[in-house]
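One structure is given here, and the rest of the page talks about it.
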Amino acid sequence: MELEINKDGAASSGVTVGAMGHGTGGPNMKLRIVRRNSSLQRCGRRGVPMRTAVLSCWIGTCMAWVGTVTPSHAQSQWTQLLPADRVEVADEDRTSWSLKKFPSQAYMNEVFWNFPKETPAFFSESMLQFVGRTYYFTKDNFDGSKSQAWTGGGWVAFRSGLIDNFLGVHAAYYTSQPLFAPQDQDGTKLLAPGQNSLGMLGQLYGRVQFGDQEFRGGRQLVDTPLINPQDNRMVPNTFEATTVVSLPDKDRNYDYAVGYIWNIKQRDSNDFIPMSEALAGNDALNRGTAFGMVRYRPFSGLSTVFMDYQVPDFINAGFVQAEYNFQRPKGEPNWILGANIIDQRSVGADLLTGSAFHTFQASGKAQMVYAGWIVFVAGSITGDESKIYSPFGSKANYTDMQQSSFDNANEKAIGGSVAYDFSTEYKGTALSGLSVGAWYTRGWDAINPVTNLGIADRSELDLWIQYRPGEGPLRGLRMKMQYADVWQDGNVRSHQPEFRFIVDYTVLFRPPLAK
C-alpha cells in the first residue's frame, strides 16, 4: 500500500501525498464518511436526476429529524462518519502532507533518519514504511459453502525526496501468503483464486511537482469515492494511470484529482487487467477510465465532494456529497449531517448489460459524538432499473456495511450504529486506543430489474472491537475483531455469519520533525 498517512497519524496502504482525503481517522474510532436499485419507465429517465436530488434531500431531512445530525472507505474522507468497523487501514483520512510539514504519525512506530547535512534530498527527505499483517477470515455462505483462510504478509513502501524540488519516485511491494487455506474453502479475497499467494509490485510511479499540484505516472493508488484502494483485506486495489492531484495548502478551500486509468490490479489478484474487464468480465472490449474529482469547502463546517468517471461504451458514474459539521464546543454533543448520491447510467454501445439503464443510490446520515460515544443513523434508496456497480473499490454510501451495501434495484434501507471510543475518557491508561461498536441495518423492496420479481428482504448486524494505541511501547500495533451476520430467506442457509481477525504493525522511517 502506499504510505498513505492521515493528518492525525493513521497509517494507510503506502506513502501517498495527495490532496483528497478518503475516510477519517483510523480504527481508533475516528469515524469516517473520505469505503443500491424498481423499474423506471424508459420514458422517465430524463426525470431521474431531479428525482434523485429530491430523494437525497428527503433522506437528509429525515435523518436530521431522527437524530438531528452525524458517523467510514467511500469509504474515507468521503465518509468521515462511518462506524469504525468500516474504517480500514487504507480507508483513513487521506489529508495530504508535504515533506517539510509532515506531522508525527500517532499510529506508527516512527524512526527518524540521521543523515549528514550534505545528503541529497532524494535520500534525506525520503520515507520507508514496513507493515506486517496477519489476517484470519471465515464465512459460512448462503449457498452452503464455506470460505476460510489465515494469511500473513504486508508491504514495504518507499517514497523518495525530490530532486531539485521537482522530481521523485514512489514504489510499494505487497504480499499475502497462506498460513492456513483449505482448497475447498476459497473466496475470502485474502489470496488469489485457488488459495494461491499474492506478491506484486503494486506501485511504481514517477512524480513531478509543479506549483501546488503533482503529476504522477505509473502504478499507483487512486483515492476517490468510487475508485479507491478498498484496503479491507491483505492487499489493496492499485491502478496503472496518469493523474494530477493538488498538494496540501491550508489556505485553499478546495482540492482536486483528475486522471486516466488504463488498468486495475484488484485486491485478490497479482495481475493488472483493463478497467472494462474488471467491470464486465473477461470478454469485454478493452476500455480505460477517465475520472475527475473536486472537494470544496465553501465555509467552516461544510464539505462537499463532486466526482465523475466514464468507461466508454459501458458506464458513466457520478457522485455528489455534502456534509455539515456543527463544530460544537468541547464538552457538548457535536452533530454532523450528510447526504450523498451515486448516479450510474449506460453509455455508448451499452456493453455492460446489453441494454440501456439509468439508476442511482441516494443515502443520508445523522451522527452525534459526545464524551466518547458515537451514535449514527442512516438510510438509503436505490433506483429500480439496476443495482449499483462497484468493481473499482468501495462505495461512499452511508449504508455500506461489512457484507452488504443494500444497493439492489429498488432496495430501501435504514439502520443505526452505536460505538464507544475509550481514548476520549481514558487517555493515558491501558484502555486508550480501545474502541467497540455495533451497527444494524435492514433492507427491503429489492427486485430483479430484468424479471421485475421481488428479492427477499435482508438485514445485517456488525459488531467490532479494536485496539490501536497512539502512544507508549505498543505504538504501531493494531488488533481488530469484526463479526457480521446477514439474514435473508430463500437461500440454502438462512443467515451468513462472517468473522475477521486482523493484526498489523507499522514502522515508518522518516525525516525528523520540522521545527
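Within the span defined as the stretch 404-416, every residue fails to be touching a helix residue (DSSP H, G or I) at 6+ places or on another chain (Cβ under 7 Å) and either surrounded by fewer than 21 Cβ atoms within 10 Å (Cβ to Cβ) or under 29 Å from residue 267 (Cα atoms) (or both). Residues considered: 330, 365, 387, 395. Of these, the only one that is of a type in the set (Lys, Arg), at pLDDT below 95 and crowded, with 19+ Cβ neighbours inside 10 Å is 395. Against the numbered list (1) closer than 14 Å to residue 223 by Cα; (2) part of a strand (DSSP E or B); (3) touching a Gly at 6+ places or on another chain (Cβ under 9 Å), residue 262 comes up short only at (1). Where strands (runs of 3 or more DSSP E) fall entirely within the stretch 291-405, those with at least 3 residues that are of a type in the set (Val, Ile, Thr) are at 302-311, 334-346, 373-382. Residues in the stretch 448-474 that are hydrophobic (A, V, I, L, M, F, W, C) and within 27 Å of the chain's Cα centre (by Cα) were compared, and the one that is modelled with the lowest pLDDT is 474. You will find that of 311, 320, the residue that is touching an Asp or Glu at 6+ places or on another chain (Cβ under 9 Å) and within 22 Å of residue 390 (Cα to Cα) is 320 and no other. Listed by first and then second residue, the pairs with beta-carbon distance under 7 Å, at least 6 apart or on different chains, first residue in the stretch 172-189 and within 10 Å of residue 150 (Cα to Cα), second at pLDDT below 95 and among the hydroxyl-bearing types (Ser, Thr, Tyr), form an empty list. Go through the stretch 409-428 and count every residue that is under 26 Å from residue 452 (Cβ atoms) and assigned to a loop (DSSP other than H, G, I, E, B). Final tally of qualifying residues: 3. Residue 256 passes every criterion in (1) crowded, with 20+ Cβ neighbours inside 10 Å; (2) in a strand (DSSP E or B) apart from (1). The set of residues from the stretch 450-507 being of a type in the set (S, T, N, Q), touching a Phe, Trp or Tyr at 6+ places or on another chain (Cβ under 7 Å) and closer than 23 Å to residue 376 by Cα comprises 459, 482.
Within the stretch 101-133, restricting attention to residues that are crowded, with 17+ Cβ neighbours inside 10 Å and among the hydroxyl-bearing types (Ser, Thr, Tyr), the residue that is modelled with the lowest pLDDT is 107. Of all residues in the stretch 207-222, those that are on the phi > 0 side of the Ramachandran plot and not in a strand (DSSP E or B) total 1.
The values are calculated or read from the model by the stated rules, or taken from the named source; none is laboratory data. Computed from a predicted structure; not experimentally measured. All Cβ positions, glycine included, derive from the backbone under ideal geometry; neighbour counts span all protein chains shown.
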